[in-house]
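A single structure is presented below for examination.
Every number here is computed from the coordinates shown, using simple stated rules; none is lab data. What you see is a predicted model, and the numbers here were worked out from it, not measured in a lab. No Cβ is skipped: glycine too gets one built from the backbone with ideal geometry, and neighbour counts run over all protein chains shown.
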Amino acid sequence: MTATTSSPGRGAMIEVEGISKSFGETKALADVDISVPAGTVQGLLGPNGAGKTTLVRILATLLAPDTGRARISGVDVQKDPNTVRSLIGLAGQYAAVDETLTGRENLVMVGRLYRLGAKLAKARAEESLERLGLVEAADRPVKTYSGGMRRRLDLGASLVGRPRVLILDEPTTGLDPRTRLDMWSFIRDLVAGGTTVLLTTQYLEEADQLANHSVVIDRGKVIASGTSDELKARLGSDLIAVEVPAAELDQATAALRGIGCGAPAIDQAHAQITIPVCDPVRDLMAALRILDTAGIVPVDLGLRRPSLDDVFLSLTGRSTGDDDLAAPLTTTPRTPQPARSAA
Amino acid sequence: MTAVPAGPALPPAQPEELTAIEPVRLPRSAIFADALVIARRNLTRIARTPQLLVFATIQPVMFVLLFRYVFGGAIHVPGISYVDYLIPGIIVQTVVFGATSTAVGLSEDMSKGIIDRFRSLPMSRSAVLAGRTIADLARNVFVVLLMIVVGIAVGFRFHNGFLPAVAAVFVALLLGYTLSWVFALIGLTVADPETAQLAGFLPIFPLVFASSVFTSTQSMPGWLQAFANVQPITRAANAVRALTEGGPVATNLIWTVLSSIAILAVFAPLAVRRYRKV
């Protein structure tokens, strides 16, 4: 579905061609193609179990695909894994750091394993600590760190080898909103420095914020791709969102029937009606008139562009949260997945 | 469907990024250097969680006290005082139980994603296991010396001279190191610390108790004796006992050393293969 260009190798830092992977009967990935230009952020969006982590594990040389091939900076991940390992940094939803070691010891250890030599390993550790604001906590054991600090240290560990390509597997899953904003700003800084990033996320807002280009994957297949704006444009219309006093929700819903160009969505919990519209300004004026005539004063009323959550819903017919607790996607962190889940 | 867009203008490449990619070839020395880094990390962990080491040593000390003072009076092994019979067996039991910590430690690293981190680094594929088993060996050295001290406190004595005593310690440690690789394979396969603990103890329990560790196999029923007399833990216990207390040693010693090497030759490659694919 995602057409790579006629010269697939040119300028692409990450190339994935026809990758498939099954675990027993389960098809985790089915013929996935992705091409990521150097210095950009590629979003990989999908719900739990969509196949995101499987693709990450293949690119990080942790798992061999059944078919297809993948290259990092032109180097085949299966034919020359050690070169690929020297080019990538991996940070995940699980902070893969040693709890009994200090932050600094963790980073120096990783540096030594890159065979940087004692002096350089120390210097790189220091650099990472400074970059991620962990200098003060550097000599404390990691078990005293907060969840956000651990995640930052994990990201720091992936930077010690100065990777060209950073693979971030749900880097903010489970983090509080403030810490997520911090992580986003670190990631933006890295990209500004020329690093290419592959970012998997189930937070649609995250891809919207960080990614130049995104693919949406569901049940192992790429179901859409484009920039955030392109993905939203595919949904077409803008939305009118009306919030009314709860007691007047039914009355308002009935009154507004006929407005817009699609079925309205009713959110009972928030007494909110969302209506797709094709002629935003006229429809908004009409809605106002109707509400005024009916004597309903909205609590809130406005036009908004569809979110990527709306895009996912329209592409798959399911909300991203369907297989999880019913919770607003962009604000409620999920419990971390087992690091080794297959998909 | 959509062609990948050109994206925003690329940021100016750093000079180092313009250079061609040099293929990374691990030097032959990588396994030693990397294994030392990993061993150091694991030893630091042991040193910083002394309570774990204390609990790990309380169990064998309890066994010493239990068999020396509770059951010992009822156990008669001809030709040797029971405490001299018991302590060499306890040393073997200690290294064997100690080896299960390799399984627990590795499965813990796996469940926390640390193994994934190591596997994504351009490091030797054998180093994580080599480093882990070396650290567990160092831990076993400490526990064995401690058990000798405890043994001497309850009346145990070396009756066969210094060098054979040193050799006895080496034989026990060799067995422990060998079994560490078996448990490395178990730990990587079960990938969950609690299961690893169980999966480690289950095969070890009958091997340790149906052996000459606590009492002579002569008093066991015939069918059990047949098993107990040939299994490696009896061989190792007899070898260690002969080295500390005297008596014929050659058969059991050669058997223990050769079987250890054979176990190592089979399980080390299997464990590394497993590590590559976890």
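Angle between the Cα long axis of helix A:103-113 and the longest principal axis of chain A, 0 to 90 degrees, nearest 10?
Approximately 60 degrees, to the nearest ten.
While we're looking at this one, here's another question. What's the center-to-center distance, using Cα atoms, between the stretch A:120-142 and the stretch B:237-278 in Å?
43
If you don't mind, another one. Here is the link list: A:K52/A:K232; A:K119/A:K143; A:K21/A:K79; A:K21/B:K112; A:K52/A:K119. Which ones come out longer than 28 Å on Cα distance?
Too far apart for the 28 Å limit: A:K52/A:K119.
Just want the ordering: A:K52, A:K79, from fewest to most Cβ atoms lying within 10 Å of their own Cβ.
A:K79, A:K52
Measuring from the lowest to the highest alpha carbon on each principal axis, how far does the protein assembly as shown reach, largest first, in angstroms?
108, 61, 48
Pulled fully out, how much extra length does the chain show between B:V266 and B:Q51, if you take 0.36 nm times their separation in residues and subtract their Cα-Cα distance?
74.0 nm
So, one more: Explain nothing, just the number: relative contact order of chain A, from Cα pairs under 8 Å at least 6 residues apart, as a whole percent.
21 percent.
Output the peptides A:39-45, A:133-139, B:40-46 sorted from most to least packed, where packing is the average of other Cβ atoms within 10 Å over each peptide's residues.
Going from most to least packed, we get A:39-45, B:40-46, A:133-139.
Zone of B:V154 (label point 7 Å along Cα→Cβ, backbone N under 12 Å): which residues in the stretch B:82-101?
B:82-91
Sorted from fewest to most neighbouring beta carbons within 10 Å, what does the list B:F142, B:F55 look like?
Result, fewest neighbours first: B:F55, B:F142.
Next question, about the same structure. Rounded, prolate or oblate, given the Cα gyration tensor of chain A, with a/c below 1.5 counting as rounded?
prolate
While we're here: Based on the Cα gyration tensor of the stretch A:149-276, what are the three equivalent ellipsoid semi-axes, each the root of five times an eigenvalue, rounded to whole Å and given largest first?
Semi-axis lengths for the stretch A:149-276 are 38, 18, 11 Å.
Another one. Working from the pairwise distances between different alpha carbons, so that the mean of 1/r is found and then inverted, what is the stretch B:32-167's Kirkwood radius in Å?
Value: 16.8 Å, from the Cα pair sum.
Multiply the residue gap between B:F170 and B:Q59 by 0.36 nm, knock off their C-alpha separation, and tell me the result in nm, one decimal place.
Gain on stretching B:F170 to B:Q59: 37.8 nm.
Give me the inter-chain shielding for B:212-218: mean count of other chain Cβ atoms within 10 Å, whole number please.
0
Could you check the simple spin-label distance between A:T67 and A:R257, using points 7 Å along Cα→Cβ, in nm with one decimal?
Between A:T67 and A:R257, the label points sit 5.1 nm apart.
A further question follows. With a ≥ b ≥ c taken as the square roots of the eigenvalues of the C-alpha gyration tensor of the stretch B:131-278, please select rounded if a/c is under 1.5 and otherwise prolate if a/b is larger than b/c or oblate if it is not?
Prolate shape, in that a/c is at least 1.5 and a/b is the bigger ratio.
With angles folded into 0 to 90 degrees, how steeply does helix A:280-294 sit against the dominant principal axis of chain A? Use alpha carbons for both and round to 10.
For A:280-294 against chain A, the angle is about 50 degrees.
Further question: With N set to the residue count of the stretch A:1-156, report its C-alpha Rg divided by 2.2 N^0.38 Å to two decimal places.
Rounded to two decimals, the normalised Rg is 1.19.
While we're here: Going by Cα centres, the stretch B:193-235 and the stretch B:72-100 are how many Å apart?
Cα centres, the stretch B:193-235 to the stretch B:72-100: 13 Å.
Let me ask something else. Counting only other chains, what is the mean number of Cβ atoms within 10 angstrom of the Cβ of each residue in peptide A:85-92?
The mean count of partner-chain Cβ atoms within 10 Å per residue comes to 4.
Okay, next question. Which of A:I19, A:I259, A:I187 ends up with the largest GNM mean-square fluctuation for chain A, with Cα atoms connected below 10 Å?
Maximum among the listed residues: A:I259.
Quick one: which residues, 5+ away or cross-chain, put their amide H under 5 Å from the amide H of A:G89? H built at 1.01 Å from N.
It is A:V165, A:L166, A:I167, by chain and number.
To continue, here is another question. What ranking, highest mean first, results for peptides B:210-218, A:87-95, A:278-286 when packing means the other Cβ atoms within 10 Å averaged over each residue?
Most protected by this proxy first, the peptides run A:87-95, B:210-218, A:278-286.
Next question. Restricting to the stretch A:12-226, what percent of DSSP beta bridges are antiparallel, rounded to 5?
Counting only bridges with both partners in the stretch A:12-226, antiparallel ones make up about 55 percent.
Using θ = phi - 60° and the Karplus form 6.51 cos²θ - 1.76 cosθ + 1.60, what ³J(HN,Hα) does each residue of the stretch B:262-275 get, whole Hz, x for Gly and Pro?
So the J values, rounded to whole Hz, are 5, 4, 4, 5, 8, 7, 4, x, 4, 5, 5, 4, 4, 4.
List A:R115, A:R304, B:R241 from most exposed to least, where exposure is judged by having the fewest other Cβ atoms within 10 Å.
Fewest to most other Cβ atoms nearby, the residues stand as A:R304, A:R115, B:R241.
Which whole number gives the average count of other chain Cβ atoms within 10 Å of the Cβ atoms across peptide A:49-60?
1
Report ³J(HN,Hα) in whole Hz for each residue of the stretch A:40-47, in order, from the Karplus equation J = 6.51 cos²θ - 1.76 cosθ + 1.60 where θ = phi - 60°; Gly and Pro get x.
Taking θ as phi minus 60°, the curve returns 10, 10, 9, x, 10, 9, x, x Hz for the stretch A:40-47.
Compute the angle between helix A:147-159 and the longest alpha-carbon principal axis of chain A, please, reported from 0 to 90 degrees and rounded to the nearest 10.
The angle comes out at about 50 degrees.
Moving on. For the stretch A:104-196, evaluate the Debye formula with one uniform point scatterer on each Cα (no solvent term) and list log10 I(q)/I(0) at q = 0.14, 0.15 Å⁻¹, rounded to two decimals.
Relative scattering, expressed as log10 I(q)/I(0), comes to -0.48, -0.55.
Hey, another quick one. Figure the gain on full extension for B:V141 and B:V230 (residue separation times 0.36 nm, minus the Cα-Cα span) and round it to one decimal in nm.
Full-extension gain reported as 29.4 nm.
Please tell me the relative contact order of chain B in percent, rounded to the nearest whole number, where contacts are Cα pairs under 8 Å and at least six residues apart.
About 25 percent, as a whole number.
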